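Everything on this sheet refers to the single structure shown next.
The values are calculated or read from the model by the stated rules, or taken from the named source; none is laboratory data. Just so it is clear, the model here is predicted, and its values are computed rather than measured. Neighbour counts are summed over all protein chains in view; Cβ atoms, including those assigned to glycine, are modelled from backbone coordinates with ideal geometry.
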Amino acid sequence: MASGQSKLKYPVLMKWISTAKDSDESADFYFTPVVSAKKIKRAVDRNLIKRRLKEAVRNNPPHILSSEYFKGNKLEVVYLFLAKEVEDYQKISAAVKKLHAGLNQDKNPHREANSEK
């Protein structure tokens, strides 16, 4: 089994794993926003943060998906919100953008996944 990697840019922690794509899968990128009920008590606020995370990822997709060594693989990402209060969209979007920029600078973010096969 491949081990995942992670990067932090407060208030978002991004954890990802790259695996071989099955023949019946059409998507190259799967992501899940996660907001802890222990840190953000109200469900309304958790849902707001999840919507902001989804929009930030949609507006700032990781460009690594178009790279040559990513062919035939899928990227599965979890975005964990770490702050104890609701943050505005600009702060969340900036964090996601920097996380994706760091991911794009890595030579091969799924190198561990491919080497363990």
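Some points to look at:
- Criterion violated by A83 - all others in (1) surrounded by 14 or more Cβ atoms within 10 Å (Cβ to Cβ); (2) at pLDDT below 80; (3) farther than 19 Å from Y30 by Cβ; (4) not acidic (D, E) satisfied: (2)
- Listing of strands (runs of 3 or more DSSP E) fully contained in segment 1-58 that carry 1 or more residues being among the β-branched types (V, I, T) and in contact with a strand residue (DSSP E or B) (Cβ under 6 Å, 6 or more places away or on another chain): 12-20, 29-35
- For segment 25-53, taking the residues that are within 12 Å of the chain's Cα centre (by Cα) and modelled with pLDDT under 95, the one that is nearest to V12 (Cα to Cα) is identified as F31.
- Tally of residues being farther than 19 Å from K98 by Cα and surrounded by 13 or more Cβ atoms within 10 Å (Cβ to Cβ) across segment 5-35: 6
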